[in-house]
Amino acid sequence: MYLQVETGSTCAVFGLGALGLAVINGCKAAGTTRIIGIDFKVTKEFGLFLRVYGQRGDHGEEVDSTFTDHPSRAALKACHKDWGTSVTIGVAAGGQKISTPPFQLVTGRTWPRTGMGYTSVEGVPKLVSEYMNKKLKVDEFVTHTLPFEKIRGLQYNACWEM
């Protein structure tokens, strides 16, 4: 599924990890006027118009950046009821389900999903060129670096200090 973002449109990105930031890159390349980032404390250097940081408390429920039922439904509900599209990217953990009231879909919203990126091997040279010409943000995704000799024994999802 390739989502065709219209030039001049407004996009909201739920979940701003590496995947969400990559989606922001794509929205900017497509010519969106405003990009609204929901969740995560990321700077505006990626081109966000507005950042909404969801957390538990007086302002409602937490907005999670992982593929779970709640943020997927929240993203769908945030779309225009007559023509909005919410794309779910990636795969859920084993045993997880995603649901929404049927009325959310029969009014005109669409809810496609995609598990892969938008390009094939043939598109890689264009991406490299955009990166080299500073049109595609990639370096900003790197949060930590680690020498090879320290990788051995490092656990997945481990918290370590730099």
(request) Enumerate the calculated ³J(HN,Hα) couplings along segment 121-137 in order (Karplus 6.51 cos²θ - 1.76 cosθ + 1.60, θ = phi - 60°), each rounded to whole Hz, writing x wherever the residue is Gly or Pro. (result) 4, 5, x, 4, x, 5, 5, 4, 4, 5, 5, 5, 8, 6, 9, 10, 7
(request) Estimate the FRET efficiency between Ala78 and Glu122 by the formula 1/(1 + (r/R0)^6), using the beta-carbon distance for r and 30 Å for R0, to the nearest 0.05. (result) 0.30
(request) Can you tell me the FRET efficiency between Ala29 and Ile98 if r is taken as the Cβ-Cβ distance and R0 is 30 Å, rounded to the nearest 0.05? (result) 0.60
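No value in this document is a laboratory result; all are computed from the given coordinates. Quantities reported herein were computed from a predicted structural model and do not represent experimental measurements. Glycine gets a Cβ as well: all are built from the backbone with ideal geometry, and neighbour counts include every protein chain shown.
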